[in-house]
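The values are calculated or read from the model by the stated rules, or taken from the named source; none is laboratory data. Small disclaimer: the values here were computed from a predicted structure and weren't measured. Backbone-built Cβ (ideal geometry, glycine too); neighbour counts: all protein chains shown. Calculation scope for accessible area: heavy atoms of the full protein, side chains included, ligands and nucleic acids excluded. Shrake-Rupley method; radii C 1.70, N 1.55, O 1.52, S 1.80 Å.
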Amino acid sequence: MFEVGFLGGGNMARALAGGLAKKMPPEKIHVIDRHPEKLEKLAADFGVTVHEALGEWVTKLDLIVLAVKPQGMKAALEPVVSLLNPKGAALSIAAGIEAQVLRGWLGGYPVMRAMPNTPAMVGCGTTGFWAPADISSDAVAQAKTVLAAAGDVVEMDDEAGIDLVGAIPGSGPAYVFRFMEALERAGTRRGLSPEAAKALALGTVYGAAVLARESGEPFSRLRENVTSKGGTTAKALEVMNARDIDEMMDEAVEAALKRTAEMKALFR
Ligand SMILES: NC(=O)C1=CN([C@@H]2O[C@H](COP(=O)(O)OP(=O)(O)OC[C@H]3O[C@@H](n4cnc5c(N)ncnc54)[C@H](OP(=O)(O)O)[C@@H]3O)[C@@H](O)[C@H]2O)C=CC1
Ligand SMILES: O=C(O)[C@@H]1CCC=N1
């Protein structure tokens, strides 16, 4: 079994390490972070090995997962370079930093990229994964094991696919939560208690998602199943269509992609 280390022990590392700890011996999962309280919780919850400082343990890692925020990545990698296992590889989950740039910061070390999302925290992640052609098959298999422990993994043909995954399932949970907030507000405005409004909004999205997954039907068919001719749903959908919800989502995804391009240019 391989040894994997997470550089950064924040939200996403916690999600991935927590899922992985159910699939492999947790002591083979290492996490470093500068917040001892996060490390203590990771060790207590999952039994993973935690570190407050870099050291010889890094030299034994087969896979190092780069899980710090993009703006702190370069500084975080500098002290790591001299400790890297020459037989290993890196997997970056950072948005907006290209593999080639990371490879340069890591002194030529092989780098794969992935874009997970926060539902990974409950094992329901949707993650995009891409590996350059010169990565070993062992490294690819290890990276996929790490990612699959937190949900579905979709392999991308090229690195640009990772940007699209970032703008759809990566940021997407925030789009859905924003929709839920709006639905909740529509309830409280009409006199529902906050608890009832929250329960109704949550139940709507949860039930719709489970129905969509289990039925496998096209979303359009599922929408039609709800929409009785001359009924209430049709009137509500008229409002959403008049505001051009397709155009709104398209612009939202485009804005996320534009920001990704700006970030990439910043780090190049
Ligand atoms: N959140 C999301 O939905 C998604 C995030 N991502 C990507 O995942 C990465 C991590 O995101 P997330 O988990 O949300 O971030 P967090 O800020 O929650 O986690 C990063 C952790 O690493 C610590 N850290 C930073 N630099 C160092 C260092 N040099 N040594 C030790 N610890 C360090 C941070 O401390 P401090 O806070 O003090 O900096 C923090 O505790 C990002 O690159 C992001 O782009 C990808 C997909 C989805
Ligand atoms: O907002 C961000 O930049 C990160 C990447 C995808 C989700 N969160």
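Here are a few things to note about the model shown:
- Against the criterion of solvent-accessible heavy-atom surface with a 1.4 angstrom probe, 51, 35 sort, most first, into 35, 51.
- Residue-level accessible surface for residue 46, protein heavy atoms, 1.4 Å, Å²: 60 Å²
- Surface accessible to a 1.4 Å probe, residue 250 within the full protein complex, Å²: 100 Å²
- DSSP bridge orientation in the chain - percent antiparallel, rounded to nearest 5: 10 percent
- Taking label points 7 Å from Cα along the Cα-to-Cβ direction, residue 212 and residue 178 give a separation of 1.6 nm.
- Share of pairwise Cα-Cα distances greater than 35 Å in the chain is 26 percent (whole percent).
- Estimated distance in nm for a label pair at residue 35 and residue 74, the labels positioned 7 Å out from Cα along Cα-to-Cβ: 2.5 nm
- Helix axis angle, 232-242 relative to the chain longest principal axis, alpha carbon, degrees: 60 degrees
- The listed residues 12, 1, 249 rank as 1, 249, 12 when sorted by accessible area, largest first, using a 1.4 Å probe.
- Label-point gap, in nm, between residue 266 and residue 133 - each point 7 angstrom along Cα→Cβ: 3.2 nm
- Spatial separation of Cα centroids for the range 39-99 and the range 197-267, in angstrom: 36 Å
- Restraint check, 23/198; 23/264; 28/264; 38/264, Cα-Cα greater than 31 Å: 23/198; 23/264; 28/264
- Residue-span extension gain [residue 240 to residue 227] - 0.36 nm each, minus C-alpha spacing: 3.3 nm
- Taking 101, 50, 80 and ordering them by how much accessible surface each has at a 1.4 Å probe, largest first, produces 50, 101, 80.
- The Cβ shell under 15 Å around residue 150 holds other residues with a net charge of +2, Lys and Arg each +1, Asp and Glu each -1.
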